[in-house]
Amino acid sequence: MLPWLPWFWMWGPTSVHWPFSGDVVQDIAPSTDWFFNAIPPRAGVGALEKEIFEHASYGRQLGLLTDVVLALAEQASWTNGQAQKKHAELLALKQEIDTVKASQRDALADAAHAALGRLAAADPARLRQVLDSFERR
């Protein structure tokens, strides 16, 4: 037996708490404070930006602005070729974004279908409960 081993246990933990054992509670949500705290005062208030972001992400805000700009651009009579080109570029970008979103929705639907299939095989009654809860919505 090694001479230092008994001393190690004097400072060692008395019990081990394994993940998911019920004794361990840990917030695993990523902290975004570093981002909002890095906003220089002349550019805005970090705490305010964080609160706004929790209501509508930057992507959501940009999506709404893009929709408004495209709707207004559809009504415009273009006399400037450069503006018309930028309108076409924005429209193409929106279509690409919509394609990415659609593929994500397809992947999500496929995953849900697979999960429901596994639940149907394991516990048909529980599957019925889950489906009924969604029909009531």
Could you list, in sequence order, the residues of region 57-109 that are assigned to a helix (DSSP H, G or I) and among the polar types (S, T, N, Q)?
GLN61, THR66, GLN75, GLN82, GLN84, GLN95, THR99, SER103, GLN104
Failed item, numbered, when ASP23 is tested on (1) at pLDDT below 65; (2) loosely packed, with under 10 Cβ neighbours inside 10 Å:
(2)
Can you give me the number of residues within region 99-132 that are surrounded by 11 or more Cβ atoms within 10 Å (Cβ to Cβ) and under 28 Å from GLN61 (Cβ atoms)?
1
Here are LYS85, LYS94: which of them is touching a helix residue (DSSP H, G or I) at 6+ places or on another chain (Cβ under 8 Å) and among the charged types (D, E, K, R)?
LYS94
If we keep just the residues of region 83-98 that are among the charged types (D, E, K, R) and over 20 Å from the mean Cα position of the chain (by Cα), which is surrounded by the most Cβ atoms within 10 Å (Cβ to Cβ)?
LYS86
Just checking, does region 86-99 include any residue being within 30 Å of LEU131 (Cα to Cα) and free of Cβ contacts under 8 Å to residues at least 60 places away in the same chain?
yes
Among the residues of region 62-82, are any among the hydroxyl-bearing types (Ser, Thr, Tyr) and surrounded by 12 or more Cβ atoms within 10 Å (Cβ to Cβ)?
yes
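The values are calculated or read from the model by the stated rules, or taken from the named source; none is laboratory data. Computed from a prediction, not measured in an experiment: that's the story for all the values here. Cβ sites come from the backbone with ideal geometry, for glycine too, and all protein chains shown count toward neighbours.
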